[in-house]
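K.L.:
Before we start, here is the structure in question, set down as structure tokens.
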Amino acid sequence: MGEYMAASDGPRETMRRNMKYERMAPSLLYSKVAESVSSFLSSPTRDHRILTKCQQLLEDERDSATNATKRDNAVYALRSLEVFERSLNALPLAGLQFQKIGPLKPMEIEGVKVSVQPTALVTQVRPRGKNLRGAIIVDTAKGVEPKSDEARAQATMAMTHTAYLLHELVNDRIVAEDEKPSTDHCMVFHTYRQELVASPSNYRRMLGNMKAACRDIAARWDSIDPPPSFDPAAARYRN
């Protein structure tokens, strides 16, 4: 949803089609890395053996691969894990506690289901007042490297909208009575770019724009045509 909000009208049309006629996303290749990163951040001592175990698993998959695609997938995942380890200094870990969280049901915004899946929950314990609560998404997929200032700004804007959605999630579903939702602790971190973005504190305009975009998606949904490669006989449907 963050990428949709940062996109112009042309790419949005393609993105709407991809939302309705969903295909397996390339980022799913990094699922083992994502699980390892979540476990590492949530471990009390930030145990590097967790990352080492993931590395060994991926190396075994690479070495035992029966075709080039499986081998390449393992190689890409290994590179992703290596980049995460190199990017740790760019993550604000000091003074923060991280906690794993299972899959969450999608949020609903103006009739559109928006899935927000944090890598971990974030807590900053304070000696006075309520503890601060947030969440983080660590994006371990390389993606397309921005080649212009405009493209870089667009990528950052997508991360900003995603961080805002994290804040909405924390505020609506996760924060306890003795905690306070914190925009500063609702963060998206891109490992390859070593870019960290937090939710803006003044997001009323962003909320209005997102609601308007979701209303537009809902209004157009039934009229979205399938891509030429769509095969109804091979499709799987879900509620």
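Laboratory data are not the source of any read-out in this text; all were calculated from the coordinates shown. Since this is a predicted model, take the numbers as computed values, not measurements. All Cβ positions, even for glycine, are placed from backbone atoms using ideal geometry, and neighbour counts span all protein chains on display.
K.L.:
Which whole-number percentage describes the relative contact order of the chain, with Cα contacts under 8 Å and a sequence gap of 6 or more?
P.N.:
Relative CO of the chain lands at 23 percent.
K.L.:
Among Leu57, Leu121, Leu166, determine the one that fluctuates most according to a GNM of the chain built with springs between C-alpha atoms less than 10 Å apart.
P.N.:
Checking each option, the largest mean-square fluctuation is seen for Leu57.
K.L.:
How large is the dipole of segment 114-239 about the Cα centre if only Lys and Arg carry +1 and Asp and Glu carry -1, each at its Cβ, rounded to the nearest 20 debye?
P.N.:
320 debye
K.L.:
Now for a separate question. Quick one: order Ile101, Ile217 by neighbouring beta-carbon count within 10 Å, fewest to most.
P.N.:
The most exposed by this proxy come first: Ile101, Ile217.
K.L.:
What distance in nm lies between label points placed 7 Å from Cα along the C-beta direction at Ser201 and Met15?
P.N.:
Taking the simple label geometry, Ser201 and Met15 are separated by 2.8 nm.
K.L.:
To continue, here is another question. Taking the Cα centre of segment 12-113 as origin, sum charge times position over the Cβ atoms of Lys and Arg (+1) and Asp and Glu (-1), and report the length of that vector in debye to the nearest 20.
P.N.:
280 debye
K.L.:
Hey, another quick one. Gaussian network model of the chain, Cα springs within a sub-10 Å range: biggest mean-square fluctuation belongs to which of Arg220, Arg17, Arg128?
P.N.:
Largest GNM mean-square fluctuation: Arg128.
K.L.:
For the chain, give me the percentage of DSSP beta bridges that are antiparallel, rounded to the nearest 5 percent.
P.N.:
65 percent
K.L.:
Between Ala198, Ala213, Ala151, which gets the highest mean-square fluctuation from a Gaussian network model of the chain, Cα cutoff 10 Å?
P.N.:
Ala151
K.L.:
Right, here's the next one. Taking amide hydrogens as modeled 1.01 Å from N in the peptide plane, which residues meet the under 5 Å criterion relative to Lys113, leaving out close sequence neighbours?
P.N.:
Correct list: empty.
K.L.:
I've got another one for you. When the chain is fully extended, how far beyond the present Cα-Cα distance does Leu104 get from Glu59, taking 0.36 nm per residue of separation?
P.N.:
Roughly 13.2 nm would be gained on extension.
K.L.:
Follow-up. Enter the Cα centre distance for the pair segment 45-119 and segment 187-239, rounded to the nearest angstrom.
P.N.:
After rounding, the separation between the Cα centres reads 21 Å.
K.L.:
With charges set only on the Cβ (+1 for Lys and Arg, -1 for Asp and Glu), what does the dipole of the chain come to about its Cα centre, in debye to the nearest 20?
P.N.:
360 debye
K.L.:
Further question: Let me know the Kirkwood hydrodynamic radius for the chain, please, with Cα pairs as the basis and the value in Å to one decimal.
P.N.:
Roughly 19.5 Å, rounded to one decimal.
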